[in-house]
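Just so you know, all these numbers are worked out from the coordinates, no wet-lab data involved. Just so it is clear, the structure is predicted and the values come from calculations on it, not from any experiment. Cβ placement follows ideal geometry from the backbone for every residue including glycine, while neighbour counts extend to all protein chains displayed.
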Amino acid sequence: MNILISNSSGEPIYAQIVAQIRQLIFSGELEPGASLPSIRQLAKDLQISVITTKRAYEELEREGLTESMVGRGSFVAGVNPEFLRERRLKALEQMLNEAMIEAKALGLSQQELTEYLTTLYEEENRE
Amino acid sequence: MYSVAHLIRKDILLVYRYVLIVIPFLLYMAWSETGTLLVYVAFPAVVMLVTSCTLDMQNNSQRFTASLPVSRSQIVWSKYFSILAFTLIGLAFAGVLQLLSMMLNVETVAFGLPEVGMVLMLNLLVTSIFLPLYFWLGPKGMQIVRTVFIMLIAIGSAVVGTILKDYDVMRHGIFGGAGSAGIELAIVAIAILILLCLSILLSLKLHARQDI
Amino acid sequence: MNAATLEGIWKSYDSFKMEDVNFSIRKGYITGLIGPNGAGKSTLIRMIMQMVKPDQGHVELFGSKLEHEATGMRERIGYVSDENVFYDHLTLKRMTNILAPFYRNWEADTFRDYLERFELPENKKIKDLSKGMKMKFSLAVALSHSAELLIMDEPTAGLDPVFRRELLDLLADQLQDEQRSILFSSHITSDLDRIADYIVFVNQGKLIFDETKDEVLERHVLVKGGKELLDPDIRPLFAGLRESGVGFEGLMTDRTRAERIFGSLALIEQPTLEEIVYFTVKGKGGFVRV
């Protein structure tokens, strides 16, 4: 398992950890039941604060991706990654819905909104 | 109590190297018959105490002692006990010297119990004055106190030594005729002991509230 | 639970005053005590060591209030001073020989390991060691009597960058069992800040904050913009401000407020810990007192 922290990305360190472990779970590299390194071990390996690591683990648990057992550390939750993906897609749908409502309120057409999204994609890719 | 013993051990280990430097001087003093027991026992013992105190002051080493699991009062007591230890070491050294001289048939200044008592009293007197000053002044005033003390003790012990040698005060007393020496000595001894008690109390009080 | 708590600490010297300082060292975590030179960091540390007595307020160690001198507490603390406190004319070997018997839990094997790991020459005199070496020796001693609290006053001064990084791993090792706590102080932001969980910031004898590092970083923002934005209503909102011919940079302690006020009018950035210290010490004008 690899986790790489960037100090120059501007993204909070805990969020980087969450994003990378989440990715590892979705890609199947971390299978259900796989144990994560202990909070203090990961903090040591990444040379970051214990509290930051703890916060990342709490976030993962809140998302339902991991479970923790007292004295035994954290594990990848036994749920199907497909199911989790499904759940995040649902969340995405909700956000898109909100965007659509806001676009209507601003008087944007469907095409204009789509173009707007395309532009955002292009900008992201350029970066 | 173990802590006090460790503190005394610390002081002895600290200064023993300095004593090695003084030994040739002492041998010369002893065998050239210019010195007395007072010079070669009292003087080094006080020098050892003053040196150990000075070393504590240098490089913030007082802070080293203060960081150890020992109390302030144990630090104070250890300093008073260490003068006893240093005097004992000095006496042992003098004893060895005496034996050596007897074996080699070299003439030296002989000494007995009264002289030993005098040495002890003199050292306690000096310590009683020195340690409260040390605990009071701290590193700032230490240099002055140290210099004055070494000078005082050097001159003092030489003078006292000469008086003792020339007038044989130990047997006849300073003022009176035969027999009064005992009473005079007893009064002096009691005075010094009272001074010592006051000195210890003062040092304990001074060091307890000092910021290090 | 806290390894140490300082409550309502007041202390005055001729030219320095400490006013109502409160902070804690949380058990199991690393706390960084930061602030410019002369802020009072060493004095606070010496109060925890019972070397300095506060005029008012009190120190709590391992859950009990220090009323009388508690020498046993020092057994449980590993102390690394900001200056060499060992006897200069002694060799490391002799110095160790002097200090080891004072500790009931002295671990000769652990100490030997550290000597080797730190490449400390046992037969060399302390005065012949570099500043970094003296610090390493002090650290080896502090880590060799199963102390629960490690206190290091300006440990990174004199250490080379390579060892500073190694120190991070060494300290993280200490924290693995969740039972030990660490306090370090520094006047420059250092590598140690990377692993600090809590930051206690003092300036001119006053506490600025005692928070988790994440909170500190999240709540502060660095605002950069044109000078026309600096009207008399806006100015007081900054904890520190630097103006130049081409604009201003200012530190604000409330992110949401900053975003509400400036929106897209100014650049809003994430400051580093170093910038937070710099701007807070600098204040709203003049030069930084270092």
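Values as computed for the structure displayed
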item: Counted residues, segment C:189-206 - those being away from chain A (no Cβ under 13 Å) and of a type in the set (Gly, Ala, Ser); result: 1
item: One residue from C:GLU249, C:GLU211 being charged (D, E, K, R) and surrounded by fewer than 18 Cβ atoms within 10 Å (Cβ to Cβ); result: C:GLU211
item: Residue selected from segment C:114-132 under the condition in contact with a helix residue (DSSP H, G or I) (Cβ under 9 Å, 6 or more places away or on another chain) and in a helix (DSSP H, G or I), by the criterion farthest from C:LEU171 (Cα to Cα); result: C:LYS127
item: Residue list for segment A:5-25, filter: in contact (Cβ under 8 Å) with a residue 12 or more places away in the chain and more than 20 Å from C:THR272 (Cβ to Cβ); result: A:VAL18, A:GLN20, A:ILE21, A:ARG22, A:LEU24, A:ILE25
item: Helices (runs of 4 or more DSSP H) wholly inside segment A:26-127 that include at least 2 residues being free of Cβ contacts under 8 Å to residues at least 24 places away in the same chain and within 14 Å of another protein chain (Cβ to nearest Cβ); result: A:39-46, A:50-62
item: Of the criteria (1) within 14 Å of chain A (Cβ to nearest Cβ); (2) under 22 Å from C:THR5 (Cβ atoms); (3) part of a strand (DSSP E or B), which one C:PHE209 fails; result: (1)
item: Test: residue in segment C:144-154 that is touching a helix residue (DSSP H, G or I) at 6+ places or on another chain (Cβ under 6 Å), more than 13 Å from every other protein chain (Cβ to nearest Cβ) and not in a loop (DSSP other than H, G, I, E, B); result: no
item: Members of segment C:212-239 that are part of a loop (DSSP other than H, G, I, E, B) and either within 14 Å of chain A (Cβ to nearest Cβ) or free of Cβ contacts under 8 Å to residues at least 12 places away in the same chain (or both); result: C:HIS220, C:ASP231, C:PRO232, C:ASP233
item: Hits in segment C:59-87 (condition: part of a strand (DSSP E or B), crowded, with 18+ Cβ neighbours inside 10 Å and more than 7 Å from chain B (Cβ to nearest Cβ)); result: C:VAL59, C:LEU61, C:ILE77, C:GLY78, C:VAL80
item: Answer residue from segment C:158-188, given it is within 13 Å of chain A (Cβ to nearest Cβ) and part of a loop (DSSP other than H, G, I, E, B) and is surrounded by the most Cβ atoms within 10 Å (Cβ to Cβ) among those; result: C:ARG180
item: Any hit, segment C:12-27, residues being closer than 18 Å to B:ARG72 by Cβ, among the aliphatic types (A, V, I, L, M) and in contact with a Pro (Cβ under 9 Å, 6 or more places away or on another chain); result: no
item: Inter-residue pairs, beta-carbon under 6 Å, first at the interface with another protein chain (Cβ under 7 Å from one of its Cβ atoms) and in segment C:88-115, second crowded, with 16+ Cβ neighbours inside 10 Å and hydrophobic (A, V, I, L, M, F, W, C), 6+ apart; result: C:ASP88/C:ILE126; C:ILE98/B:LEU13; C:PHE102/B:LEU68
